[in-house]
Amino acid sequence: MHLKRTLIKKLIGEGKTYKEVQKIIGCSAKMISNALKWRAKPERRGRKRKTTIKMDRRITRMAKAQPMISSRMIKDSLELPVSTVTVRRRLCEANLFSRIPRKVPLLKKRHVQKRLQFAKEHINWPKEKWRNILWTDEMSPLIAPSSPYHPPATLMHHFLFTLLFSLM
């Protein structure tokens, strides 16, 4: 059908009449008429989107600006005519999935003082002493001693400085 349609359009475009095209192709006048009216429709499946591209951008921008905001608050503040589920769907499309912040135990004053004391005592330790330490966090100088991003010396100092500044 596609080849006939293009042939009909070509022949009519050359100035041939319906009768002449009917004789050449061997089809009815109605088929010629339909072939000339036919337009390819854009492929679209499913339900029409309720949000526009502009709305989607506003939802994403607000979520990035305020990471702890809920989908209901986004919907209400932007006055969107959609459900909170749709807002969450748009956030997922923008790779902004919901996350729950990790809960960590609160440090007591005694813990803070002990950490600070440890950091001050060990700030000037040489590399050899740090190599004898068994690290229990994910990133360790023993696991990746030659990592270009975390050479052993900077890892140890980073650990101590992080410890010092987290307590202040």
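The values are calculated or read from the model by the stated rules, or taken from the named source; none is laboratory data. On a predicted model such as this, the values are computed, not experimentally measured, just so you know. Glycine gets a Cβ as well: all are built from the backbone with ideal geometry, and neighbour counts include every protein chain shown.
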Practice prompt. Working only within region 120-158, note down all residues that are assigned to a loop (DSSP other than H, G, I, E, B), loosely packed, with under 13 Cβ neighbours inside 10 Å and at pLDDT 75 or above.
Written response: ASN124, PRO126, ASN132
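Filter region 59-70 for residues that are surrounded by fewer than 18 Cβ atoms within 10 Å (Cβ to Cβ) and among the small types (Gly, Ala, Ser); which is farthest from ARG47 (Cα to Cα)?
Here the residue is ALA65.
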Worksheet item: When THR51 is evaluated against the numbered criteria (1) more than 30 Å from THR6 (Cα to Cα); (2) loosely packed, with under 12 Cβ neighbours inside 10 Å, which criterion, by number, is the only one it fails?
Response: (2)
Worksheet item: Regarding MET55, is this residue over 30 Å from ALA94 (Cβ atoms) and part of a helix (DSSP H, G or I)?
Response: no
Discussion item. What's the total number of residues in region 1-16 that are surrounded by fewer than 11 Cβ atoms within 10 Å (Cβ to Cβ) and either over 17 Å from ALA40 (Cα atoms) or at pLDDT 90 or above (or both)?
Written reply: 3
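Scan region 37-49 and tell me whether some residue there is free of Cβ contacts under 8 Å to residues at least 40 places away in the same chain and over 50 Å from the mean Cα position of the chain (by Cα).
no
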Practice prompt. Would you tally the residues in region 75-119 being under 27 Å from ARG47 (Cβ atoms), outside any loop (DSSP other than H, G, I, E, B) and either among the basic types (Lys, Arg) or within 18 Å of the chain's Cα centre (by Cα) (or both)?
Written response: 10
Response to the item:
Restricting region 95-106 to residues that are hydrophobic (A, V, I, L, M, F, W, C) and surrounded by fewer than 15 Cβ atoms within 10 Å (Cβ to Cβ), the one modelled with the highest pLDDT turns out to be PHE97
Practice prompt. Spot the failing condition for PHE161; the list is (1) modelled with pLDDT of 85 or more; (2) under 38 Å from the mean Cα position of the chain (by Cα); (3) surrounded by 11 or more Cβ atoms within 10 Å (Cβ to Cβ), and only one is missed.
Written response: (1)
Fill in: In region 71-89, residue farthest from ARG57 (Cα to Cα) [restricted to those that are loosely packed, with under 14 Cβ neighbours inside 10 Å and small (Gly, Ala, Ser)]
SER83
Discussion item. With the requirement that a residue be basic (Lys, Arg) and either in contact with a His (Cβ under 7 Å, 6 or more places away or on another chain) or within 30 Å of MET73 (Cβ to Cβ) (or both), what does region 1-60 give you?
Written reply: ARG47, LYS48, ARG49, LYS50, LYS54, ARG57, ARG58
